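Notes to accompany the following structure.
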Amino acid sequence: MGEPISAGKRRARLKVINPRSAGIDVGSRFHVVAVPVELDPNPVRKFSSFTKDLIALAEWLLAVGISTIAMESTGIYWVPLYEILSGKGIDVFLVNARHAKNVPGRKTDINDAQWLQQLHSYGLVRASFRPDQKITELRSYLRQRDQLVRYRSSHQQHIQKALMLMNLQLHHVVRDISGLTGRRIIDAILSGERDPERLASLRDRRCKESAATIAAALEGNYQDDHLFSLKIAVELFDTYSEKIRACELAAQSLMTELAGSDYQDPGSQPGEYPFRSRDSSQRTSGLLNP
C-alpha cells in the first residue's frame, strides 16, 4: 500500500506573481474592470466606452496602485483603451480569448474580468505581440495602402468591362490597360477621339503590337451610357491612385524618421524597389507597362 497523500500536498497553492494586476472584459459599449479585493471595496466596476470614461478608468486603476492589466483583444474595441492605458504608463497584456478560456479551474460565480485578473495575478496569461507606437503607425499606413489597392482593382475591372461593351478590345493588344499606352488611349477616347488610327498612334514605342493591330482592336461601337460608365470608372481609379500615393508618402516619411541619421535613399541602393515617384501623367497607373 502506498503512503497516503494529504489534501494540502495534492493541491499546491499557486504563487501570486502580479499582486497589483487588473483584468478587463472589453466590450463595444462598456468595459468591466476587476482589481484585487484588498485594493478597493468595490473591486469590480463598469465603465462606458466613451473617451471620458476610459480616462476615468485609467485614473481609477492608477489610484488603487495597479501596475499591469490583462484584457482580451476583442475586435478593435480594445485599441482606444490600450492606447490610453499605455499612455498612462500601465503595462497592458493583450490576451488571446481562447488561451484564457482553456485554463482549467474557473468558478462559475466570477465574471470574465475577475477571471482574467486572477489568471494574470498568477502569471498564467501570455501577452500577444504589440509593436511600439511608431511601428504600429507605419503598419497602419501600409495596411491602408493595401486596402486601397484592392478597392482600385475593382474599378480597373469596370474600365475593362465598359471598353468591352463598346467592343474596344484594348486588353488584347496592350499588356495593361492602366499602363502608358492604355491610359493614353482611354484618356483620348474620353476626350472625344474616335478615329482608331489616331488612337493607335498613341501607343508607346515599347508596345509589342503594331499600330495597325491596335487600330483594328479599337474599331468600337460607341454608346453614351457605356462612355459614361467608362468615365466614372476612370475617375474612381484615379482617385484611389491618388490616395494610395498619399499612403506611400506618409509611410516613406515615417520610415525616414525611424532610420534617423542612418537613412539612405532606397533609390540609390541596388536591388531595392522604393515607392515610385510618378509625374501627373503616370500617377494613375498601377504598373508602368507600355
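Readers should treat all values here as calculations from the given coordinates under stated rules, not as data from a laboratory. This one's a predicted model, so the numbers in the text were calculated from it and none came from an experiment. Because the Cβ atoms are built from the backbone with ideal geometry, glycine has one as well, and the counts that use them run over all protein chains shown.
Numbers for the structure displayed
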quantity	calculated
Nearest-0.05 FRET efficiency for ASP91 and LYS161, computed from C-beta distance (R0 51 Å)	0.45
For peptides 180-188, 204-212, 31-39, 136-144, sequence by mean Cβ density within 10 Å, most packed first	180-188, 31-39, 136-144, 204-212
Across LYS46/LYS243; LYS208/LYS231; LYS88/LYS243, pairs whose alpha-carbon gap is larger than 32 Å	LYS46/LYS243; LYS88/LYS243
Residues with amide H under 5 Å from that of ASN18, placed H, sequence gap 5 or more	TYR122, GLY123
Under 19 Å from LYS15, Cα to Cα: aspartates and glutamates that are on another chain or at least 8 residues apart	GLU38
Residues of type aspartates and glutamates that LYS52 reaches as a straight line, Cα spacing below 15 Å, ignoring anything fewer than 8 places off in the same chain	GLU83
